[in-house]
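First up is the structure itself, then whatever we jot down about it.
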Amino acid sequence: MRYKTVNANIKVMHNAYNCGENVPLHLLTDYVKGKLKPIPYTGRGPVVTPIIVAFDPASTACSESSNIVIMQLTLPLPAEVEIVYENLNIERTVTLEGSYFDELIKTYMDDFNQKFEDKFQLKSKGYNDEYVTFARSTFSNLIGGIGYFYGKSIVKSSEVEKPVYYWPAALYSAVPSRSFFPRGFLWDEGFHQLLISKWDNTISLEVIGHWLNLMNADGWIPREQILGNEALMKVPKEFVVQNADYANPPTMFLALDSMFNSMQPSEILDHHSTLKKVFHRLTLWYNWYNTTQIGPLPTTYRWRGRNGTTDRELNPKTLTSGLDDYPRATHPNDEEYHVDLRCWMAFASRSLTNLGDLLGINVDKYRETAEILSDNDLLKKLHWTGDYFADYGLHSEIVGLKDTRVGQNIEKRRVVRKLPQPQFVKVQGYINLFPFILMILEPTSPELGHILSTLKSDNGIWSPYGLCSVSRTDPYYLKYNTQHDAPYWRGPVWININFLAIRALDHYSKVEGPYKDVSKQLYTELRKNVVRTCTVSSVRQALFGSSIIVRLVKDRVFTLLLDGAVW
């Protein structure tokens, strides 16, 4: 490694480096602090202090076992430094620095920008430079956040007494946020790959293959990948252990279905061997859901992992669903069943059938399941309240958090002011929309017409920034779930669900049916609102407008807007 100041008049006041042997990355900060010491400044020129905190140049020897080298430069500000990494064993006629580097990086940037336009065609669709720049930036964050992780998950299940280590495993995956969630999340990754697959199918297939390789013999995949000590340091203890009885939305089917539909015959032929391997893993995964996540009635499904005994939560969370604190039945038990999971299984059945047909594999049993789960009359019988689709379970319509003395402390505890009854969970929000947003409803379905006619009404879901997760008129809107847990899926606008709604509206506007025109109108308005919300200039203005809190999760959900079907 070499360095030089860009301005020749700037002189380096002090330089030093330190080589560390077997330094774990999660202890890097402590290591650096331990190696720094005050060193007198002996150079010329005015300085703020005659002491520099730096590495001692006398202890900089490196060895073959060194796994990290830390370089430190002290310069008067303002200053600009160019650092060059080179393999000294390679002879070069030119070095990647100065004007040559500037010209080369510009060439790569121009190539990227051109490929971006070729793939997503935003300029040709009328988007101005502000939108295009924003889109390129968010896409770069997503694809640049793909990382390689290695380690062992800690898992438990009903078959073992104590948590045990999973096998050592590698994962190549995008992440929801490089700064806050720098690890793989199963349901997030399906949304990530919706976009990345449009850039490069090969990258997506490799990422999806890595995730499927994490599957155990039963067909379960850990939903959160906390691999290695560095990842472990970022996760609260209560979330570290993964439960092999718990699911997560199978969003990989979203990405794969989109990929299959856009592949050319030559691409299918090129990836045929890989796709067959993917198919067989998907069937094992699908069968695990279809045996472990079933509900109390035929063709019903239930998310596991809800706490039926807690009095600390206003409404026990369903982390496994991906919608965390979205209100479900207030008193979880084995008799409840969830409409969103049933819709995910209908979508997965259909996707698996399409892939099997594409590869020439007999998929009659999956086709039959897809037809049963897509039966709108049966869906209506199980989940239709008369006004919208909903979960069913033991539910109280009047609960609250109350200050309660616990020992010497005052804590918020739940009080139930109306006895729970087996009933539909009448909370208006995202859950009601799943048969629509996953396109399970027929284009002629009266229930589809009812959903579309009320989507923009006074039910409180529609907003100038996108669809709210819970209606502004609902008692759960922006309610804390515990003394300290702020609302997460209780009002904030989530772009991934809005993306699914926009995609569904686009679909229903293009197929024959009585709701084509209203679908097109809603599609245009909702897309405009969401795209405007996601541009930087609009975010500054809209975060707290009209009593709506807009939840924008950087790196995770902005990029879904780039899907060709939406723009």
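List of remarks:
- Rounded to the nearest angstrom and listed largest first, the equivalent-ellipsoid semi-axes of segment 440-516 from its Cα gyration tensor are 29, 13, 10.
- Once the Cβ-Cβ distance of K152 and K276 is raised to the sixth power relative to R0 = 25 Å, the FRET efficiency obtained is 0.30.
- Net length available on complete extension from V511 to A169 is 118.7 nm, with 0.36 nm assigned per residue and the Cα-Cα distance removed.
- Carbon-plus-sulfur accessible fraction, segment 328-422 (probe radius 1.4 Å, protein heavy atoms only): 47%.
- Under 20 Å from the D118 label point (7 Å along Cα→beta-carbon), backbone N, segment 233-267: 259, 262-267
- For the chain, calculated [θ]222 nm from helices alone, where every DSSP H run of n ≥ 4 adds -39500 (n - 2.57): -11500 deg cm²/dmol
- A crude spin-label estimate for the pair D102 and L359, with each label 7 Å from Cα along the Cβ direction, gives 5.2 nm.
- Stretching S266 away from V406 to a fully extended chain increases their span by 43.7 nm, per 0.36 nm per residue minus the current alpha-carbon distance.
- Near-label residues of segment 324-364 by backbone N, under 16 Å of a point 7 Å along Cα→Cβ of K426: 328-330
- Whole-Hz ³J(HN,Hα) from phi, Karplus 6.51 cos²θ - 1.76 cosθ + 1.60, for segment 510-521, glycine and proline x: 10, 9, 5, x, x, 10, 4, 5, 5, 5, 5, 5
- When both bridge partners sit in the chain, DSSP labels roughly 95% of those beta bridges antiparallel.
- Unit Cα scatterers, Debye sum, segment 178-265: log10 I(q)/I(0) for q = 0.15, 0.22 Å⁻¹: -0.62, -1.13
- Cβ-Cβ distance of N89 and N15, R₀ of 25 Å, FRET efficiency by 1/(1 + (r/R0)^6): the value works out to about 0.55.
- Relative to the longest principal axis of the Cα atoms of the chain, the long axis of helix 252-262 makes an angle of roughly 90 degrees.
- Computed from the C-alpha gyration tensor, the three semi-axes of the ellipsoid equivalent to segment 298-344 are 18, 12, 8 Å, from longest to shortest.
- Span per principal axis, largest first, for the Cα atoms of the chain (Å): 83, 69, 50
- Note on K4 and D129: with the Förster distance fixed at 30 Å, the Cβ-Cβ geometry gives a FRET efficiency of about 0.30.
- Anchor K516: lysines whose Cα lies under 26 Å away (excluding residues fewer than 8 positions away in-chain): K125, K380, K381, K456, K528
- Extension gain (nm, one decimal) between M109 and I398, 0.36 nm per residue minus Cα-Cα: 98.3 nm
- Packing rank of 5-13, 479-487, 500-508, 84-92, where each peptide gets the mean count of other beta carbons within 10 Å, highest leading: 500-508, 479-487, 5-13, 84-92
- Label-reachable residues, segment 337-356, where backbone N falls under 20 Å from a point 7 Å from E368's Cα toward its Cβ: 345-356
- Chymotrypsin sites (Phe, Trp or Tyr not before Pro) within segment 140-186, DSSP loop, no more than 16 other Cβ atoms inside 10 Å: F180
- Simple label model, 7 Å out from Cα along Cβ direction - S137 to T309, nm: 5.0
- Over segment 141-293, the fraction of Cα-Cα pairs per 5 Å bin, rounded to whole percents and listed from the shortest bin up, is 2, 9, 19, 22, 20, 15, 9, 4, 1, 0, 0.
- Cysteines in the chain that, by Cβ-Cβ distance, have no pairing candidate under 4.7 Å: C343, C468, C534
- Here the spin labels are modelled as points 7 Å beyond Cα on the Cα-Cβ line, and at L419 and N333 they lie 1.2 nm apart.
- Other residues whose C-beta falls under 12 angstrom from the C-beta of A170 contribute a net charge of 0, scoring Lys and Arg +1 and Asp and Glu -1.
- Across every direction, the projection of the convex hull enclosing the Cα atoms of segment 225-312 has a mean area of 9.5 nm².
The values are calculated or read from the model by the stated rules, or taken from the named source; none is laboratory data. What you see is a predicted model, and the numbers here were worked out from it, not measured in a lab. Note that each Cβ is placed from the backbone with ideal geometry, even for glycine, and that neighbours are counted across all protein chains shown. Note: areas computed on protein heavy atoms with side chains; ligands, DNA, RNA excluded. Shrake-Rupley method; radii C 1.70, N 1.55, O 1.52, S 1.80 Å.
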